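S.K.: Structure below; questions to follow.
The values are calculated or read from the model by the stated rules, or taken from the named source; none is laboratory data. Given the structure is predicted, the values throughout are model-derived calculations rather than measurements. Cβ sites come from the backbone with ideal geometry, for glycine too, and all protein chains shown count toward neighbours. Ligands, DNA and RNA are stripped out before the accessible areas are found, and what is left, the full protein with its side chains, is counted by its heavy atoms. Shrake-Rupley method; radii C 1.70, N 1.55, O 1.52, S 1.80 Å.
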Amino acid sequence: RSIVERLDALARRAHVAVVPSVGVTAALTDWACDVLGANARGGVDQISTTYVYDNWHMSAGSQRALFGSLGMAAARWQRDRWLPARFGERSMLCNVGLEFGGPRTAVWHPSPDIILLSRRLQAQHIDAFVSPNRSNNVATLLRGAGLAMSLLPMRSMASVLGPFAPDDADFSQGRFAVATDITQGGVTHRSTLVGQDLYQTTATIAAHVALHMCTRQPASGVLSPAQVWDARDALEAIMPACGLQSIPQP
């Protein structure tokens with residue numbers, strides 16, 4: 001949100017495009033929304049993204065981002081306005097298939113999806129949830145940590161949660177699913193993309209978007225991935241390069 005507020009006007013004056021969140025987080029949902037028809041006239045009632053992880057070792061950078069967000073004042077999009085929110089303030093059951101353990105608990109988190117989608121799509125509600133582990137205990141711990149960090153007098157207290165990654169951590173073995181649900185007129189449609197190695201996939205997506213922008217002249221300002229690359233064309237190019245698969249809606 002601060003990137004949008006600080007850089008959008010500057011980028012427009014400089015006639016350059018700034019495209020944040022070009023990776024598994026945000027980009028896949030951004031394109032999925034267009035494939036599902038979220039940019040059709042009339043808008044949608046609800047957009048909800050759920051990130052589901054299995055056998056996931058968090059890198060030091062991911063841990064710092066997570067710890068920092070636990071105590072950060074966040075916002076959710078509801079009925080065309082921003083409302084205060086807190087990491088883990090709500091939870092829900094998600095199910096992206098038996099290969100990810102069937103029904104699991106996911107907690108609300110301040111994903112960049114909410115910022116980018118609210119700027120370009122007409123949606124009454126936009127939410128994002130994360131299920132980092134098959135164990136429901138992890139979701140419960142995250143909810144408690146989010147509440148505790150929000151009550152601390154100093155947000156910098158998050159720095160005491162130092163990142164740790166075991167020496168034998170194999171990031172390539174981690175699997176993920178990105179489930180995007182769009183509800184309009186009481187009917188919900190879902191896009192679920194499944195892949196492996198979160199970090200390699202993010203690097204591949206970023207590289208492909210950068211190469212695409214080199215051959216096109218995108219508009220200026222802070223843009224979402226779907227605003228610089230047509231959703232169907234982008235996924236057609238990126239999915240085989242990343243080994244992403246689309247699984248049917250349950």
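S.K.: Of the residues in the range 229-248, how many are closer than 25 Å to Arg1 by Cα and surrounded by 18 or more Cβ atoms within 10 Å (Cβ to Cβ)?
M.R.: 3
S.K.: Please work out if Ala75 is in contact (Cβ under 8 Å) with a residue 24 or more places away in the chain and under 17 Å from Tyr51 (Cβ atoms).
M.R.: No.
S.K.: Residues being touching a residue at least 12 places away in the same chain (Cβ under 8 Å) and over 22 Å from Leu10 (Cβ atoms): count how many of those fall in the range 204-225.
M.R.: 4
S.K.: For the range 182-201, check the following and say yes or no: at least one residue is at pLDDT 95 or above, buried (at least 18 other Cβ atoms within 10 Å of the Cβ) and assigned to a helix (DSSP H, G or I).
M.R.: Yes, the conditions are met somewhere in the range 182-201.
S.K.: Which condition breaks for Ala38 when tested against (1) touching a residue at least 40 places away in the same chain (Cβ under 8 Å); (2) more than 19 Å from the chain's Cα centre (by Cα)?
M.R.: Only one criterion in (1) touching a residue at least 40 places away in the same chain (Cβ under 8 Å); (2) more than 19 Å from the chain's Cα centre (by Cα) is unmet by Ala38, namely (2).
S.K.: Determine, yes or no, whether Leu211 is part of a helix (DSSP H, G or I) and either touching a Cys at 6+ places or on another chain (Cβ under 9 Å) or under 27 Å from Asn95 (Cα atoms) (or both).
M.R.: Taking the combined requirement at face value, the residue does not satisfy it.
S.K.: Here's something else I'd like to know. Do we have Leu116 as open to solvent by 60 Å² or more (accessible area, probe 1.4 Å) and either hydroxyl-bearing (Ser, Thr, Tyr) or at pLDDT 90 or above (or both) here? Break it down into steps so the answer makes sense when it comes.
M.R.: Numbers: open to solvent by 60 Å² or more (accessible area, probe 1.4 Å): no; either hydroxyl-bearing (Ser, Thr, Tyr) or at pLDDT 90 or above (or both): yes.
Considered against the rule, which asks whether it is open to solvent by 60 Å² or more (accessible area, probe 1.4 Å) and either hydroxyl-bearing (Ser, Thr, Tyr) or at pLDDT 90 or above (or both), Leu116 comes out as no.
S.K.: Spot the failing condition for Gly162; the list is (1) at pLDDT 95 or above; (2) surrounded by fewer than 16 Cβ atoms within 10 Å (Cβ to Cβ), and only one is missed.
M.R.: (1)
S.K.: Now, a different point. Tell me yes or no: at least one residue of the range 42-62 is more than 20 Å from Tyr199 (Cβ to Cβ), loosely packed, with under 15 Cβ neighbours inside 10 Å and at pLDDT below 90.
M.R.: yes
S.K.: Would you mention how many residues in the range 89-113 are acidic (Asp, Glu) and open to solvent by less than 60 Å² (accessible area, probe 1.4 Å)?
M.R.: 2
S.K.: Quick check on the range 103-131: of everything there that is without any contact (Cβ under 8 Å) to a residue 60 or more places away in the chain and under 15 Å from the mean Cα position of the chain (by Cα), which residue is farthest from Pro84 (Cα to Cα)?
M.R.: Checking each candidate, the answer is Ala106.
S.K.: From Arg79, Arg86, which residue is over 28 Å from Cys214 (Cβ atoms), of a type in the set (Lys, Arg), buried (at least 18 other Cβ atoms within 10 Å of the Cβ) and modelled with pLDDT under 90? Quick ask: steps written out before the conclusion?
M.R.: Working: Arg79 fails: buried (at least 18 other Cβ atoms within 10 Å of the Cβ).
Unique residue meeting the criteria: Arg86.
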